[in-house]
1. Across segment 34-88, which residue is farthest from Tyr108 (Cα to Cα) among those that are aromatic (Phe, Trp, Tyr) and modelled with pLDDT of 85 or more?
2. Sort out which residues of segment 103-157 are among the charged types (D, E, K, R), in contact (Cβ under 8 Å) with a residue 40 or more places away in the chain and assigned to a helix (DSSP H, G or I), and write them in order of number.
3. Any idea which of (1) loosely packed, with under 12 Cβ neighbours inside 10 Å; (2) part of a loop (DSSP other than H, G, I, E, B) is the one Ala33 doesn't satisfy?
Amino acid sequence: MTMKLFSLVVALASLANAAATAKNHHPICVVGAGVSGLTAAKALEDKGYKTVIFEKRDTVGGKCQSHYEDGQYFPLGAVLFTESPSYAETFKLVKSSGAAFDTFDPAYAYNYDPKTGAAALMEPFAPATIKALQEELARYAGLWQKEFAPIGVPSYKNGVPKQFVVPAQEWLLSRVAKLVTIN
């Protein structure tokens, strides 16, 4: 550990110790109102500490911003959170913040418009389309087991397989049994 790093660790440990022993004396300063800064401030406030957040921009969110260029919308942060165990803590934080958000039913699919950032409910697939997709996935799994699993090792012990030295279009067309049309 370098001397600078050691000094930083000692300084941070001292600050943490001081913060733990003087809950209501001076506020803890959090630099940056990005996801990490906001999360740290919220966790400290939940434990009874006063916090002050310093942010150089006039908006919060750090790198989770949206960018528009030539009429195109570019989300630079999360677009969709599901209310699943994976996002349990995130969802609690979003709910407790009082920020407005839209809910989506995970049983449905949505079309996302990159120009506006809006999402709209998609029509469900027809049963025949679902059946065809399931058949294609099963066929692909069989193809993978037969052709790729045996050679899925480092290096090609017997040279590069012949099917890998043809144009992709030729290889794909030679293996397509049927085309699946998605409505």
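1. Tyr49
2. Listed by number, the list holds a single entry, Glu136.
3. (1)
The values are calculated or read from the model by the stated rules, or taken from the named source; none is laboratory data. As the structure is a prediction and not an experimental result, all values here were calculated from the model. Virtual Cβ from ideal backbone geometry, glycine too; neighbours counted across all protein chains shown.
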